[in-house]
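The values are calculated or read from the model by the stated rules, or taken from the named source; none is laboratory data. Keep in mind that this is a model prediction, so the values were computed, not measured. For neighbour counting, all protein chains shown are included, and Cβ atoms are generated from backbone atoms with ideal geometry for every residue, glycine included.
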Amino acid sequence: MVSRGVFYFVTAILFVAGILLMVYQHLTFEVPFLPGQARTLWSVEAKIEFRPSGDGPVAVNFAMPAVQPGLLQVRQDTSSLGYGVDYLTRHGSNYVEWTKRSVSGEQVLYYRADFLIDEDSSSSSMRIPPLSENAEPEPYGTAIAELADKAGSRSADPFSFTAQIIKELRNSKDSESISLLLKQYSRSGIIVRALRAAGIQAREIGIVTLENGRRNRQLESRVAVFSGPRYQIFNPEDGTSGMRENQLIWTDNGNPLLNLTGGKAARVSFSMLRHRISAIEAGKLKAGVDKAAGGEMVSLSIEALPVEEQSMFKNILLLTVGVLIVVFLRIIVGVKTSGTFMPVLIAMAFLQTNLVVGLIGFVAIVGVGLVVRSWLSHLNLLLVARISAVIIVVIGIIGSLSVLSYKFGLTEGLKVAFFPMIILSWTIERMSILWEEEGYHEVLKQGGGSLFVAVCAYLAMSSGIVQHLTFNFIGIQFIILSLVMIMGNYTGFRLTELKRFKPLASQIRKYPNGDQQVQESERLRGELKELHGDPHNVYRKWKHQAQDELKKAKGADAGGKED
Amino acid sequence: MLHFGKPAFLKRYANPLEMGRDGIMGMNQRNINYISRYNRRSLYPLVDNKLKTKGIAVSHHVNTPKLIGSVQDQHDIQNVLDIIGDHSEFCIKPAQGSGGKGILVIKDRNAQNGHFIKSSGEEINNHDLRRHLTNILAGLFSLGGRQDIALIEELIHFDNVFSGFSYDGVPDTRVIVFQGFPVMCMMRLSTLASDGKANLHQGAVGVGICVRTGRAVRAVQFNQPIEFHPDTDRRLSELTVPHWRQVLELAASCYEMSGLGYIGTDIVLDRDKGPMLLELNARPGLAIQICNNAGLLPRLRLIEGLTKRQRLTVPERVEFSMEHFGVWNQS
């Protein structure tokens, strides 16, 4: 016998391992502990239209969206008939390149990317731009320097400096130098140049504002201002800083959005759509990104299996929950069932049919089966032949139930075919023997008990939370195993025993037995205490007492015989 | 103890703490701490098969009904008359039967046509006898319908001290033997309600028997104490098992014989040959506690506390049990 210590140690290890596995999966794959948590996924589609400038080859370089905190790109694809597609990196920026030998007519290319709103995503492809020394041509250089001077005197750091420049641009629209600049450069272009003139690193970036169901949106211009490792993004129009949650940075390295050779009249527009996806799906998408990035992770989820095997495996994993319910109901509650795990298999069948159809089907099959079996028992068949006959009869019942219910237009009835026929046959056999041996009371008791356990197991297995946990956390299996082991060690009373022994428990103190003066349990406890106190001498005392009594009894016997 | 505000449905349930204090043993406790700890699995076939039980009983000189012969194969059935020989009274039973099913008692033979006379007085011929044997071999009476063996035993001549205490048949004495110590005893008396069967939950009367004296402690039917047998109206407190020390010594010697630490022994009293072992049970039930109005655990624990219990002889163990587990002072 394994010592208790080892047993509890192993059980504890199993339990803790299960918990740790669940936490691991929760943290790495962000599988939520409860089902139904939704995440937001944005699908952004860029549509590139252009006309070829001749018959020659066409190359389209389209900047791919930037990596940014808060939004994780989980998927991308392109749609372009007859074009060769390539993803490439140039000057630190990623591009998708479409190429075609010869084109004619209006061309439309699509690039689609999916983004997950993700608080944990913190990486960024934004790099600090180098400070260029080349001066702006006159008279713009002077105008920019003037602007920078003005703002510089009223600011403390790069960010307040930027705010001042934007304010200046807005307030002094009528100023000669500013209108001159606005004619030459875009607003953000002026800001970046002014910042550079003041020795501040800055760059123009393009963002897409995400609004559900919008089409035909253009890239908006923003200015990123750097101060040491930090940066802030400013809206050149109104001077507001920071990014809103629904803004997606597309170009972040001052790179052009589109580079077209062999075409003209190019136009890029964005359309976007918001999806709500389950947290599990989101976790899968994220894990897919990590995997593509070379991160080796053990999924530990049945999602790693082919889809077809998944559904089968899901049922197998659910089985352990049913087993746990059976162990609990039999050991702790004390429900009597016919066949230990038959109720779990019945519950599995209920999952396929549904509770009402399942219950009706079960009672019908077992009822008819019992009638047929009672007739078979008159034939005095051998066991194997008898069971086989019952199996065939069960198949017949299931077949006729299916056909009948189909004829009556009840398609639900077709699902009785999911019942485990061999198990049902054994159930019928066992119940029939029980009927003969113990009477119908016991059959009703055990049959009812089995159905009760089956319904409990069904309710547990069909619960969304239970399914979610078993499908997604392999760790739950370890926890269930440890719970089953702990229950297997339970020496306390079953719930039904509290009822069974109620008369005894209430009588045991009420009625003294025979000539007993003290409660027997108390007297014997006292004697055991005495024995534990001095095992050797008490044992000897009792032994001698017994030997003396034995002699006396023998003597009395002998004396009696002599008389 | 506060009883106010206790919901009505709770009154149907006993308090498990109180039950624990009184030493009542539950099913889980029995299975884990007694059966699986003290009964080796490999020894189970010895008690589940009456032929094997009889074999070890004979080799250990434990008194049991004498085996006339056994029928193991279908073709042996043809020779059954040779096996029976000139025995005019005998009993045929399945080796793995349960609940007294499939037992055929032949009391006499018709001298003219050689027919067998059943205990009910009905006559059956050779053909009927063979068919009964076929049914036994096919497993009609054994648990789960397994193939079985038929035993042909000498008939027990029941001591008529028990007449009137049972509605049908003659009761046997169940003694729980733990580590060779008789721990608790009872008799199950069939009633009309139990259909002549000795199953307590079907309405048989259970009588707790005092370990010291063999006298009835109390009698219960459907868990409630009763005074008179419901069918024969005999006062149940008058029930006393004779040859009590012999009965207990026979039961206690089953420990050495079977090697099982926790067993139920069923013992019958033969008018001429005294106590005889009928069968052993490796998973004795717990209803014996209700019949005796006492929990098993304090008695079992006292024996577990005797670390040198293995050195005691059978009569010493019986005397110890009588000393410590008795209820009546005198018989």
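Remarks
- Taken as a whole, region A:404-413 holds no residue that is more than 14 Å from every other protein chain (Cβ to nearest Cβ), surrounded by 15 or more Cβ atoms within 10 Å (Cβ to Cβ) and basic (K, R).
- Among residues of region B:156-174 that are more than 19 Å from B:L248 (Cα to Cα), those with a Cβ under 9 angstrom from a residue that is loosely packed, with under 15 Cβ neighbours inside 10 Å and of a type in the set (A, V, I, L, M, F, W, C), sequence gap 6+ or separate chain, pair up as B:Y167/B:L192; B:D168/B:L192.
- Summed over region B:240-252, the residues that are more than 12 Å from B:P275 (Cα to Cα) and surrounded by fewer than 24 Cβ atoms within 10 Å (Cβ to Cβ) give a count of 1.
- Which listed residue, of B:E18, B:E122, is within 14 Å of chain A (Cβ to nearest Cβ) and without any contact (Cβ under 8 Å) to a residue 12 or more places away in the chain: B:E18
- Pair list, Cβ under 9 Å, 6 or more apart: region A:23-34 residue among the hydroxyl-bearing types (S, T, Y), other residue at pLDDT 85 or above and outside any helix (DSSP H, G or I): none
- Count of region B:151-192 residues which are in contact with a Pro (Cβ under 9 Å, 6 or more places away or on another chain) and over 16 Å from B:M276 (Cα atoms): 8
- Among the residues making up region B:21-32, those that are within 7 Å of chain A (Cβ to nearest Cβ) and closer than 9 Å to B:L297 by Cβ are B:D22, B:G23, B:I24, B:Q29.
- Residue within region A:473-488 that is of a type in the set (G, A, S), out of contact with any Cys (no Cβ under 6 Å at 6 or more places or on another chain), away from every other protein chain (no Cβ under 12 Å) and outside any helix (DSSP H, G or I) present: no
- Among helices (runs of 4 or more DSSP H) entirely within region B:47-141, having at least 3 residues that are more than 27 Å from the chain's Cα centre (by Cα) singles out B:80-84, B:126-137.
- Residue check, A:E438 free of Cβ contacts under 8 Å to residues at least 40 places away in the same chain and within 14 Å of another protein chain (Cβ to nearest Cβ): yes
- Residues in region A:472-522 that are exposed (fewer than 15 other Cβ atoms within 10 Å of the Cβ) and more than 17 Å from B:R30 (Cβ to Cβ): A:K499, A:S506, A:R509, A:K510, A:Y511, A:P512, A:D515, A:Q517, A:V518, A:E522.
- Residue list for region B:141-178, restricted to those being surrounded by 20 or more Cβ atoms within 10 Å (Cβ to Cβ) and within 14 Å of chain A (Cβ to nearest Cβ): B:F141, B:S142, B:G145, B:D148, B:F178
- Scoring B:S194 on the criteria (1) at pLDDT 85 or above; (2) of a type in the set (S, T, Y); (3) over 30 Å from B:G305 (Cα atoms) leaves a single failure, condition (1).
- Residue in region A:246-266 that is without any contact (Cβ under 8 Å) to a residue 24 or more places away in the chain and either farther than 30 Å from A:L27 by Cα or of a type in the set (V, I, T) (or both) present: no
- A single member of A:S450, A:S432 is small (G, A, S), within 11 Å of another protein chain (Cβ to nearest Cβ), assigned to a helix (DSSP H, G or I) and more than 26 Å from the chain's Cα centre (by Cα), and it is A:S432.
- Region B:185-200, residues that are assigned to a loop (DSSP other than H, G, I, E, B) and either charged (D, E, K, R) or not assigned by TED's automatic domain parsing to the domain that holds B:T173 (or both): B:D195, B:K197
- Yes/no for B:G261 being farther than 17 Å from B:L189 by Cα, more than 9 Å from chain A (Cβ to nearest Cβ) and within 20 Å of the chain's Cα centre (by Cα): yes
- Within region A:87-134, the residues that satisfy the criterion of being closer than 16 Å to A:G262 by Cα and among the polar types (S, T, N, Q) are A:T99, A:S102, A:S104, A:Q107.
- Members of region B:291-311 found to be over 27 Å from B:A204 (Cα atoms) and either facing chain A (nearest Cβ under 7 Å) or among the β-branched types (V, I, T) (or both), listed by number: B:R301, B:L302, B:I303, B:G305, B:L306, B:T307, B:K308
- Residue list for region A:284-302, restricted to those being farther than 21 Å from A:L318 by Cβ and either over 17 Å from the mean Cα position of the chain (by Cα) or modelled with pLDDT of 65 or more (or both): A:L285, A:K286, A:A287, A:G288, A:V289, A:D290, A:K291, A:A292, A:A293, A:G294, A:G295, A:E296
- The residues listed here are A:F29, A:F62, A:F9, A:F50; of these, the one that is over 26 Å from A:S124 (Cβ atoms) and surrounded by 15 or more Cβ atoms within 10 Å (Cβ to Cβ) is A:F50.
- Selection within region A:25-64: residues that are touching a helix residue (DSSP H, G or I) at 6+ places or on another chain (Cβ under 8 Å) and in a helix (DSSP H, G or I). The member of this set that is modelled with the highest pLDDT is A:Q25.
- The residue that is farthest from the other protein chains (Cβ to nearest Cβ), among those in region B:91-119 that are touching a residue at least 24 places away in the same chain (Cβ under 8 Å) and of a type in the set (V, I, T), is B:I106.
- Considering A:I465, A:I397, the condition of being of a type in the set (V, I, T), in the same structural domain as A:L329 (by TED's automatic domain parsing) and closer than 17 Å to A:G369 by Cα is satisfied by A:I397 alone.
- Among residues of region A:205-225, those that are touching a helix residue (DSSP H, G or I) at 6+ places or on another chain (Cβ under 7 Å) and either surrounded by fewer than 20 Cβ atoms within 10 Å (Cβ to Cβ) or assigned to a loop (DSSP other than H, G, I, E, B) (or both), counted: 1
- Scanning region B:201-213 for residues being more than 11 Å from chain A (Cβ to nearest Cβ) and assigned to a loop (DSSP other than H, G, I, E, B) gives a total of 1.
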